[in-house]
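Contents: one structure, followed by commentary.
None of the figures in this text is laboratory data; all of them are computed from the coordinates on show. Predicted, not measured: the structure shown is a model, and the values here were computed from it. Every residue, glycine among them, receives a Cβ derived from its backbone with ideal geometry; neighbour counts consider all protein chains shown.
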Amino acid sequence: MEYWLWVLLLIIFVLVFMRLKLKSNTKQGKKRILAIAGSGGHTTELIRLLSSLPSATLERHYAVADTDRMSIKKITEFESKLSSKSKYFTYVIPRSREVAQSWLSTVFTTLFSFVYCIPVILKSKPDILLCNGPGTCIPICIAALIFKFLGFCRGEIIFVESICRVTSMSMSGKIIYPFSTKFFIQWPHLLTSYPKAIYLGGRIC
Amino acid sequence: VMSVFVTVGTTSFDELVETITSRPLQKALQRRGYNKVTIQYGRGNYEVKDVSSADYSVQGFRYKDSIAGDIANADLVISHAGAGSCLEVLGAGKALLVVVNEKLMDNHQIELAKQLYNDGHLVFCTCSTLLETLDSMNLTSLVKLPEPKTEEFAQHIISHFAL
């Protein structure tokens, strides 16, 4: 009995410590953004979104699926072109869904990659999560939401639905929609079913 | 020189490459005044045979790191329905003819090309209607794709997070 009391105290202590650390970190002014890259096309769009944001006030972290060499190449290229050559961080995670994988086995691989997402969140402590649809974003966002609930990170999700989604939302979009801070769509048709979404009057990237 | 650039993206689309290089299609392209054809045929089985004569040439390649140069040099781009290709071509302000792979008709990737066609940004056909489309299409009526709202997006994020 007493043993459990000590464990509980320890957990509370750690959480309080994390919160204090979070406060001291945000004081420095730089916000941490975790950009979640998927396969080819998604990554090109993601980088276009990132390049519109001020590079000097953001500390950039990238999560990349492990089978995706192209995305890593695109990220390195983008970072090398930035005028403020600041440090950036890349994390590799197993893919949660290969194209044409069945939905049932997707559930298991998503759980599997979820385990890999916990250290990503612990290391990147994201204020902002930027995702534009790849399946990889689901386990990362879930991990981020848990740590946000514990007060470890700000973990606000910015979701941009792919421009390919004209009449129906992607699976990732449907799952992330209720938990996102800002949810952008690129075609107005989706507003009827997702009224909280933001449509800027045209394509975003 | 009036040139056409054909692209199938990272996939293969043998039916398109075969149709484009067929005799009737080559004649149709020449009728419209095109005398230089460049074909990016990806991982297709059907290899493009180079043709070069004084008034007409065909050249093929599988992949390149960037096809931006080929797009910039073209007067007309004939592309598969892939979102990346469509947006790259329209973003470069080029006339675009999308040829849909009927085998992928239900694929949601095609949704975008269809919508862009409905909005008048591109011409849309299948391999079997390519010939008649080339003869009848009116490229001057195509509507330029508006600039993306990337700045507006950035403003939302900047003000929310006080960046």
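A few comments on the model shown:
- Taking amide H atoms as placed 1.01 Å from N in the peptide plane, the amide H of B:S79 lies under 5 Å from those of B:T7, B:L97, B:V98, B:V99, each 5 or more residues away in sequence or on another chain.
- Magnitude of the charge dipole, the range A:32-199, Cβ model with Lys/Arg +1 and Asp/Glu -1, debye to 20: 240 debye
- Coordinate range of the alpha-carbon atoms in the range A:64-205 per principal axis, descending: 42, 40, 35 Å.
- Residues B:F61, A:F159, B:F124, arranged from fewest to most other Cβ atoms within 10 angstrom of their Cβ, appear as B:F61, B:F124, A:F159.
- Cα-centred dipole magnitude for the protein assembly as shown, charges only on beta-carbon of K, R (+1) and D, E (-1), debye, nearest 20: 1440 debye
- Chain B: antiparallel DSSP beta bridges as a percent of all, rounded to 5: 10 percent
- Gaussian network model of chain B, Cα within-10 Å springs - most flexible of B:L104, B:L96, B:L116: B:L104
- Equivalent ellipsoid dimensions for the range B:1-65 as semi-axes, Å, which come from the Cα gyration tensor, largest first: 20, 12, 10
- Residue exposure sequence - B:D135, A:D66, B:D75 - by fewest surrounding Cβ within 10 Å: B:D135, A:D66, B:D75
- Reach of B:K49 by Cα under 12 Å, taken over aspartates and glutamates that are not fewer than 8 positions away in the same chain: B:E18
- Within chain B, helix-based [θ] at 222 nm, where runs of 4 or more DSSP H residues each add -39,500 (n - 2.57), nearest 500: -10500 deg cm²/dmol
- Taking the C-alpha atoms only, the angle from helix B:109-118 to the longest principal axis of chain B is near 90 degrees.
- For the protein assembly as shown, the equivalent ellipsoid derived from the Cα gyration tensor has semi-axes of 46, 20, 19 Å, listed largest first.
- Angle in degrees between helix A:103-124 and the longest Cα principal axis of chain A, rounded to the nearest 10: 60 degrees
- Cross-link reach list, aspartates and glutamates versus A:K125, counting only Cα pairs under 16 Å and skipping chain neighbours closer than eight places: A:E59, A:E156
- Principal axis dimensions, largest first and in whole angstrom, of chain B by Cα: 61, 34, 32
- Calculated [θ] (222 nm, deg cm²/dmol) that DSSP helices of n ≥ 4 give over chain A, each run adding -39,500 (n - 2.57): -15000 deg cm²/dmol
- Helix axis angle, A:137-149 relative to chain A longest principal axis, alpha carbon, degrees: 40 degrees
- Which of A:I128, A:I138, A:V92, positive extreme of dipole for the range A:32-199 (C-beta unit charges): A:I128
- Ordering of B:2-14, A:165-177, A:124-136 by packing [mean C-beta count within 10 Å, highest first]: A:124-136, B:2-14, A:165-177
- Of A:K196/B:K103; A:K31/A:K123; A:K85/A:K196; A:K182/B:K114, those spanning more than 25 Å from alpha-carbon to alpha-carbon: A:K196/B:K103; A:K85/A:K196; A:K182/B:K114
- Nearby aspartates and glutamates by direct alpha-carbon distance to B:K94 (threshold 17 angstrom, same-chain neighbours under 8 apart not counted): B:D70, B:D75, B:D119, B:E147
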